[in-house]
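Colleague: Can you read through this structure? Questions will come right after.
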Amino acid sequence: MDAKLAALKATGTLNRNPHAVDDPLFRGRGFFDPRDLLQVRYEMVRRRHVEDVPMAVTAQLFGVSLPTAYQAQAAFAAEGLAGLLPKRRGPKQGHKLTPEILAYIEQRRSERPDWRTSDLLDDLQRTFRLTVHRRSLERLLRGKKKLSSR
């Protein structure tokens, strides 16, 4: 894997469909890289705004749907280049682990220090009818240990 590909993956800016980009600038192996999602989105917005290419044509050239092209244009207008970066999908934080649940977990851990993660998960299910992913609870518990050791 080349260094740029690794960097694009690490930053979340790897275009999942580089083969869909049909714009002539991205066909060669020069500066324009269809794998670079940020570059593709910026050039798409620039093409529409500066060269006044119709939005439908722009969307087709850059391999995106018409709504995606309009969203990119609006995001760039509102936030600049940062608006073209991919947004994190899904919940932004542990929405099931409310302060009440966190206090309960702390209480149960002090009462039953021998309990494993699976025991706590079963207890949360029985008590609150709450299903929490094992890894979420493990991350929480690992973070609590780091905080308490300081």
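Colleague: Which net charge results when you count Lys and Arg as +1 and Asp and Glu as -1 among the other residues whose beta-carbon is under 13 Å from that of Leu14?
Modeller: On the way: positive: Lys4, Lys9, Arg16, Arg35, Arg41; negative: Asp2, Asp33, Asp36.
Counting the neighbours of Leu14, the net charge comes to +2.
Colleague: Also, quick follow-up: Along the three principal axes, how long is segment 56-143 when you take its alpha carbons, biggest first, rounded to the nearest angstrom?
Modeller: Principal-axis extents of segment 56-143 (Cα, largest first): 64, 21, 19 Å.
Colleague: To continue, here is another question. Taking only Cα atoms, what is the 0 to 90° angle, nearest 10, from helix 99-111's long axis to the longest principal axis of the chain?
Modeller: 40
Colleague: Can you pull the percent of the chain's accessible area that's carbon plus sulfur, 1.4 Å probe, other chains left in place?
Modeller: Of all accessible area on the chain, carbon and sulfur atoms account for 54 percent.
Colleague: Out of all Cα-Cα pairs in the chain, roughly what percent, to the nearest whole number, are more than 25 Å apart? Intermediate values should be presented prior to the final figure.
Modeller: On the way: 5736 of 11175 pairs.
Of all Cα-Cα pairs in the chain, 51 percent lie more than 25 Å apart.
Colleague: Further question: At 1.4 Å probe size, with every protein chain present, just tell me what the per residue accessible area of the chain comes to in Å². Show your work: numbers first, answer last.
Modeller: On the way: 10380 Å² over 150 residues.
On a per-residue basis, the chain sits at 69 Å².
Colleague: Go ahead and estimate [θ] at 222 nm for the chain from helices alone: -39,500 (n - 2.57) per DSSP H run with n ≥ 4, summed, over the residue count, rounded to 500.
Modeller: Value at 222 nm, helices only, nearest 500: -18000 deg cm²/dmol.
Colleague: Quick check: net charge around Val40, other residues with Cβ under 12 Å of its Cβ, Lys/Arg +1 and Asp/Glu -1? List each step's numbers first, then the result.
Modeller: Details: positive: Arg16, Arg35, Arg41, Arg46, Arg47; negative: Asp22, Asp23, Asp33, Asp36, Glu43.
Cβ neighbours under 12 Å give a net charge of 0.
The values are calculated or read from the model by the stated rules, or taken from the named source; none is laboratory data. Here the structure is a predicted model, which means the values were calculated and not measured. Neighbour counts run over all protein chains shown; Cβ positions are idealised from the backbone, glycine included. Note: accessible area is taken over every heavy atom of the protein model, side chains too, but ligands, DNA and RNA are not part of it. Shrake-Rupley method; radii C 1.70, N 1.55, O 1.52, S 1.80 Å.
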